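**Student:** Starting off with a structure, shown below.
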Amino acid sequence: MIRICSSVVLVLLMLPVKLIPSDGAYFQQYVRYRIVADLQLDDHSIAVQETLLYHNQSPDTLSDLFFHLYLNKHRKASLALPELKFDTGGIDLHNVTVNDSLHEDYRIDQTLMHLPLNAPLVPGDSLQLTFKFSAVIPPSTGRYGYQGVHYDVGNWYITPVVYDRYGWHLHQHLDNEFYQEWGYFRVTIRVPQDFIVGATGNLLNGNEVISPDEFAASDRQRAEYADSVLIPWEFEADKVHDFAWTTDPSYLRKQVEWNGTTLNFLILDYNEESWHEVTDWGAKVVEYLSQTFGRYPYKQMTVADTYIRAGGIEYPQLVMINDFINPDYEPGEFRAVIIHEIAHNWFYGLLGNNQLEHEWLDEGFTTFAEIKAMEYIFGTEGNLEMRNRGWYAEHFGYHNDVRRDHLLSYLTLAKFNQEEDPIDLHADYLGPNGYTLQYSKAGNVLFLLEYTLGDSLFALVMHRYFERWRYRHPYPEDFIQIVREVSGCNLHWFFEQWLKTDRKLDYAIDDFRLIDQSDSLTYLIRLKRKEKIFMPVDLHITMADSSYQVYRIPVDEFGCKRHDLLTLPSWHFSRPEYEAELAVPARIEHVAIDPVLTQMDIYQLDNQSSLFPPMEWHFMHTQHIAPPTNAYLWEIWPLVFYNDIDKAKLGVNLQGGYLGIDHVTDFRFWFKTATLNLDFDLKYQQPVGWLGDLSWINFRGYVLDGREGGKIGLRRRLNVEDYSDIVATLDLEVHHLSDSRYLMNAWDPGWVSDFALGWQYSDTYDGWMPKHDFMMEFRTASFGSNYRFSLVHLEVLRKFWVEYSDLEMDLRLFAGYGTGEVPAQYQFNLTGENSWGEFDNDFYRAKGSLPWPWRRKGNLYKAGGGNIRGYSLIRDLDELLGIKILALNIDLKLPSPLRELYWPLIRDMYPGVFIDFGKVWDRSWPDLKDFDVSAGLAITWEVWDWLEYFFNMRSLRLDFPLWMNHVPPGAAQTDFRWLIRLDFN
Ligand SMILES: [Zn+2]
């Protein structure tokens, strides 16, 4: 056996496999499929008999064929899913024939199959293959799968690898994109009686399979269908490159017509009400896209409500939508996903580009079409807004629209230089930010192309591209060639910069003034290019008489011009600055760079001539969730607070920022009604390039509840993984106690100034892995400090949990070591957070904000420090503090049967058990028996959303340290004791 196998491999190695065609002229292969597929509910498989006529229309003689077996992605330890421990799907191939004779000389490697031919296939000739196999469907995944008796069936049959002018595209399927040959499909799908099928192509026997009572079949279980007779659904699809289907006994059908095309909506019965709106606008989408890009040529398109787990997925004439996307809750998202997938029928369906090697050709164009269609049908403002959000959100909620959403994705990446890759890159090579590049960035680049060419030329380009390349395999150069042809311009510079680099766009109006008013008025306009991307720049000029003029500054003097615009002298890319003198009849009021050009500008506050940047103001608004991309955002919040010394504190909070990234400010002012004083807390943060990407400088100054101080700090994120964060900080801080009446914890007088160096690692991943947090801080006195000291502390958190349950364990280790004269506010507290940590929080900062009697008796604490619960009740403060500490806390969160009741309050409570073990000391190591231990029960209440929203409060917790090892003489170790604590985000 072994000898035979190795000789087969040797023979294969020696045969010259022709992988690349001899000349690069365009051709495409042709494939005719005859498929009979029987759905088998018992093992979620499809018995398939596939006959394939492969017609070699290339100029080359082929001695081999290659095929995709995409479903083999679900084999255990596949390249796409290396963590799979057993097969969840795949293709079990029973036999292969070539021209009617059994063919056993083939080899399958993961998702690819190599089939050497016995006789070469010459140009113009064809051969017939048959495959008998069982396609095992996995449980619902991103693109396909089953759930109960519902089946979404995509990428399920054996299909030839594309052989085109660039040769064979032998890519293993890593769960990215697809590329298939054009052809004809005749498919018989046999499903149990009462199942409704939606598929690519046209249904041939509709009057046989669709009965008048097709709506009666819902709520039946698989067992009821198991012995049911299989009913054949006959489909025919021509001029398509893929065939997919979906089936469910509970599907409800709605139909709308547009110009001879039927739009079929297959809706899961429980979504019937909420999907109602699709019939209002579905046809408009097909109409708009047909007019904008080219007519939809097929007789039908099906939009199906399915159990796929991606938002939506496109197949020719069939798109599947995730049933989680709830049109009642987020209609904008629902509409955008459906429109996106429908638009794929142009960019992918009809223009069958190589999705894997040039993903932007389908995703970028589709995103562009999605934005345009959403704006056309639902308006430009707020078309992504949510519905049914309650009174507060209705009046103070954020606004978002599809265009802003895509711009935000791109700009937040680009501003920190985190794109990593250019747009035009093989989909399998892209990093975690590939989605933003292929969708958001590429989609917006097409808006810039439209801007460069002008609307009418751009429309011509799109129509010509569609006319010439539909039913074919276009590559980027084919689209670029059409642009060249239609415009007569060489836009090489445009595509080179946007597709092949991750360069950024950033223009500014540097100077604008009147320089001569003797005859006519002459203005000087100076522009600056702060980043590398160069583009033609349109200046929008508003005159005092409110007339309006657009001037274009082209990129070259003799190159292409926009004849519909006034032209200024060109701006050569080698110059970072540009100056123009403009003689005009009337006074100029305002100059701005074109809003479409600047929508991809990474800093849009300096793109116009006004003294102040454009600003948006909101009162008690949540706009920061989707901030404007072209204005500085201010949010104003009232502040009302209380402590025993000032009584009521009334104030205002101004939060500002550009995209939440630039010039981020947080200013708070309070008027203190009892003392008639003012408190303030000013914070400012700005990214700095000189320290590397993802670096910030920050400042703070405050006079706050009897303390004053400030800091200058640097912060740098050291990794860009999306599931973990490593952050390093360096701060120079100074603070001083000015009024000790506010204190609720130990605090030494005088000036303290120090350097603090911090290092933090945290997993943000919240799947099934244990979660880790690691925090280390080193602090040492700096110049001018009244205290000379150094201290370091370390905190490690590890969370464990049992999948799909409320059972959870938190393990926490806290250790600290100090030397010298450590001020009391920095000393470690055995029972909770120290004073410095409490000062950070509004509620724990001053006496009386939380009930003072609780605190005085030791019942109120803030999580942190040693966290050895209960000792605050029985020891004086000076016994709880020390400059050395070691502590271990174990917290178990338990499932609560009461949570199932869904009663308010009780629903959000869970019980817990804890045990703490630790010690603080100042000099020599303590004995093990000196360590303090406590154990008890806890109840945590995950507070109402509005408390989290307005006060950042996460939970309220009661701890009952029922047992403690060290108690005063005469007291019992086991006793009823209680503590309360508030946790904040
Ligand atoms: Zn897409």
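**Student:** Does TYR429 fit the bill of being within 16 Å of the ligand (Cβ to nearest atom), more than 18 Å from PRO627 (Cβ to Cβ) and surrounded by fewer than 16 Cβ atoms within 10 Å (Cβ to Cβ)?
**Tutor:** No, not satisfied.
**Student:** Consider the stretch 503-530. How many of its residues are more than 30 Å from ALA583 (Cα to Cα) and buried (at least 17 other Cβ atoms within 10 Å of the Cβ)?
**Tutor:** 1
**Student:** Among ASP945, ASP959, ASP908, which is the only one that is acidic (Asp, Glu), closer than 23 Å to SER849 by Cα and surrounded by fewer than 20 Cβ atoms within 10 Å (Cβ to Cβ)?
**Tutor:** One residue alone meets the criteria, ASP945.
**Student:** Oh, and also: Does at least one position in the stretch 407-425 carry a residue that is of a type in the set (Lys, Arg), without any contact (Cβ under 8 Å) to a residue 60 or more places away in the chain and more than 16 Å from the ligand (Cβ to nearest atom)?
**Tutor:** No: zero hits.
**Student:** Return the total of residues in the stretch 777-813 being of a type in the set (S, T, N, Q) and loosely packed, with under 13 Cβ neighbours inside 10 Å.
**Tutor:** The number of residues fulfilling the criteria is 1.
**Student:** Restricting attention to the stretch 702-730, report how many residues are open to solvent by 20 Å² or more (accessible area, probe 1.4 Å) and in contact with a Gly (Cβ under 6 Å, 6 or more places away or on another chain).
**Tutor:** Residues meeting the conditions: 1.
**Student:** Taking the condition buried (at least 17 other Cβ atoms within 10 Å of the Cβ), of a type outside the set (Phe, Trp, Tyr) and farther than 18 Å from GLY858 by Cβ, does ASP891 pass?
**Tutor:** So ASP891 fits the description; yes.
**Student:** Given the conditions (1) closer than 18 Å to GLY142 by Cβ; (2) at pLDDT 95 or above; (3) more than 16 Å from the ligand (Cβ to nearest atom), report the number of the one that LYS284 does not fulfil.
**Tutor:** (1) is the only condition that LYS284 fails.
**Student:** Shifting gears a bit: For the stretch 92-116, how many residues meet the condition of being β-branched (Val, Ile, Thr) and under 15 Å from TYR54 (Cβ atoms)?
**Tutor:** Residues flagged as β-branched (Val, Ile, Thr) and under 15 Å from TYR54 (Cβ atoms) within the stretch 92-116 amount to 3.
**Student:** Condition first: over 26 Å from TYR548 (Cα atoms), open to solvent by 20 Å² or more (accessible area, probe 1.4 Å), out of contact with any Phe, Trp or Tyr (no Cβ under 7 Å at 6 or more places or on another chain) and aromatic (Phe, Trp, Tyr). Can you find one or more residues in the stretch 651-669 that meet it?
**Tutor:** Within the stretch 651-669, one or more residues are over 26 Å from TYR548 (Cα atoms), open to solvent by 20 Å² or more (accessible area, probe 1.4 Å), out of contact with any Phe, Trp or Tyr (no Cβ under 7 Å at 6 or more places or on another chain) and aromatic (Phe, Trp, Tyr).
**Student:** Also: Applying the selection to the stretch 139-167, what residues are more than 21 Å from SER45 (Cβ to Cβ) and either open to solvent by 20 Å² or more (accessible area, probe 1.4 Å) or touching a helix residue (DSSP H, G or I) at 6+ places or on another chain (Cβ under 6 Å) (or both)?
**Tutor:** ARG165, TYR166
**Student:** Of all residues in the stretch 321-358, how many are in contact with a helix residue (DSSP H, G or I) (Cβ under 8 Å, 6 or more places away or on another chain) and farther than 17 Å from ARG470 by Cα?
**Tutor:** 16
**Student:** From GLY832, GLY816, which residue is among the small types (Gly, Ala, Ser), touching a His at 6+ places or on another chain (Cβ under 6 Å), closer than 30 Å to ILE939 by Cα and buried (at least 18 other Cβ atoms within 10 Å of the Cβ)?
**Tutor:** GLY816
**Student:** Let me ask you something else. Is it fair to say SER805 is closer than 22 Å to VAL913 by Cβ, touching a residue at least 40 places away in the same chain (Cβ under 8 Å) and out of contact with any strand residue (DSSP E or B) (no Cβ under 9 Å at 6 or more places or on another chain)?
**Tutor:** Spelling it out, SER805 is indeed closer than 22 Å to VAL913 by Cβ, touching a residue at least 40 places away in the same chain (Cβ under 8 Å) and out of contact with any strand residue (DSSP E or B) (no Cβ under 9 Å at 6 or more places or on another chain).
**Student:** Any residue in the stretch 656-667 that is closer than 13 Å to TRP637 by Cβ sitting within a Cβ distance under 6 Å of a residue that is polar (S, T, N, Q)? List the pairs, counting only those 6 or more apart or interchain.
**Tutor:** Close Cβ pairs (under 6 Å, with a partner that is polar (S, T, N, Q)) amount to GLY656/THR665; ASP666/GLN655.
**Student:** Would you check if TYR507 is aromatic (Phe, Trp, Tyr) and over 30 Å from the mean Cα position of the chain (by Cα)?
**Tutor:** Answer is no for this residue.
**Student:** Under the condition of being within 21 Å of the chain's Cα centre (by Cα), outside any loop (DSSP other than H, G, I, E, B) and more than 9 Å from the ligand (Cβ to nearest atom), which residue from the stretch 338-357 is surrounded by the most Cβ atoms within 10 Å (Cβ to Cβ)?
**Tutor:** ILE339
**Student:** Of all residues in the stretch 855-881, how many are open to solvent by less than 40 Å² (accessible area, probe 1.4 Å), over 18 Å from TRP921 (Cβ atoms) and touching a strand residue (DSSP E or B) at 6+ places or on another chain (Cβ under 9 Å)?
**Tutor:** Looking only at that region, the number is 9.
**Student:** Just to be sure I understand, how many residues within the stretch 253-304 are among the hydrophobic types (A, V, I, L, M, F, W, C), open to solvent by less than 10 Å² (accessible area, probe 1.4 Å) and outside any helix (DSSP H, G or I)?
**Tutor:** Selection size over the stretch 253-304: 9.
**Student:** Which helices (runs of 4 or more DSSP H) does the stretch 782-882 wholly contain that include 3 or more residues that are more than 29 Å from SER762 (Cα to Cα)?
**Tutor:** Counting at least 3 such residues, we get 852-856, 877-880.
**Student:** Would the stretch 445-455 turn up any residue that is in contact with a Leu (Cβ under 9 Å, 6 or more places away or on another chain), at pLDDT 95 or above, polar (S, T, N, Q) and more than 16 Å from the ligand (Cβ to nearest atom)?
**Tutor:** Yes, the stretch 445-455 contains at least one residue that is in contact with a Leu (Cβ under 9 Å, 6 or more places away or on another chain), at pLDDT 95 or above, polar (S, T, N, Q) and more than 16 Å from the ligand (Cβ to nearest atom).
**Student:** Can you tell me which residues in the stretch 473-489 are under 23 Å from HIS169 (Cα atoms) and open to solvent by less than 20 Å² (accessible area, probe 1.4 Å)?
**Tutor:** HIS473, PRO474, TYR475, PRO476, ASP478, PHE479
**Student:** Does the stretch 311-329 contain at least one residue that is over 22 Å from ASP362 (Cα atoms), among the hydroxyl-bearing types (Ser, Thr, Tyr), without any contact (Cβ under 8 Å) to a residue 40 or more places away in the chain and more than 14 Å from the ligand (Cβ to nearest atom)?
**Tutor:** Looking for residues that are over 22 Å from ASP362 (Cα atoms), among the hydroxyl-bearing types (Ser, Thr, Tyr), without any contact (Cβ under 8 Å) to a residue 40 or more places away in the chain and more than 14 Å from the ligand (Cβ to nearest atom), one finds none in the stretch 311-329, hence no.
**Student:** Which members of the stretch 358-403 meet the condition of being away from the ligand (no atom under 16 Å from the Cβ), of a type outside the set (D, E, K, R), in a loop (DSSP other than H, G, I, E, B) and over 20 Å from ASN326 (Cα atoms)?
**Tutor:** Those that are away from the ligand (no atom under 16 Å from the Cβ), of a type outside the set (D, E, K, R), in a loop (DSSP other than H, G, I, E, B) and over 20 Å from ASN326 (Cα atoms): GLY379, THR380.
**Student:** Something else about it: Being farther than 13 Å from LEU568 by Cα and either touching a residue at least 40 places away in the same chain (Cβ under 8 Å) or surrounded by 15 or more Cβ atoms within 10 Å (Cβ to Cβ) (or both) is the filter here, so list the residues in the stretch 531-540 that pass it.
**Tutor:** The answer is GLU531, ILE533, PHE534, MET535.
**Student:** Another one. So, restricting to strands (runs of 3 or more DSSP E) that lie completely within the stretch 101-214, which ones have at least 3 residues that are hydrophobic (A, V, I, L, M, F, W, C)?
**Tutor:** 112-121, 126-136, 183-192, 196-199
**Student:** Which condition number in (1) part of a helix (DSSP H, G or I); (2) open to solvent by 20 Å² or more (accessible area, probe 1.4 Å); (3) away from the ligand (no atom under 15 Å from the Cβ) is the one that GLY332 fails?
**Tutor:** The number of the failed condition is (2).
**Student:** For the stretch 67-110, how many residues are under 19 Å from LYS132 (Cβ atoms) and open to solvent by less than 40 Å² (accessible area, probe 1.4 Å)?
**Tutor:** Of the residues in that region, 14 qualify.
The values are calculated or read from the model by the stated rules, or taken from the named source; none is laboratory data. Worth saying up front: this structure is predicted, and the values here are computed from it rather than measured. All Cβ positions, even for glycine, are placed from backbone atoms using ideal geometry, and neighbour counts span all protein chains on display. All accessible areas refer to the heavy atoms of the entire protein, side chains included, with ligands and DNA or RNA removed. Shrake-Rupley method; radii C 1.70, N 1.55, O 1.52, S 1.80 Å.
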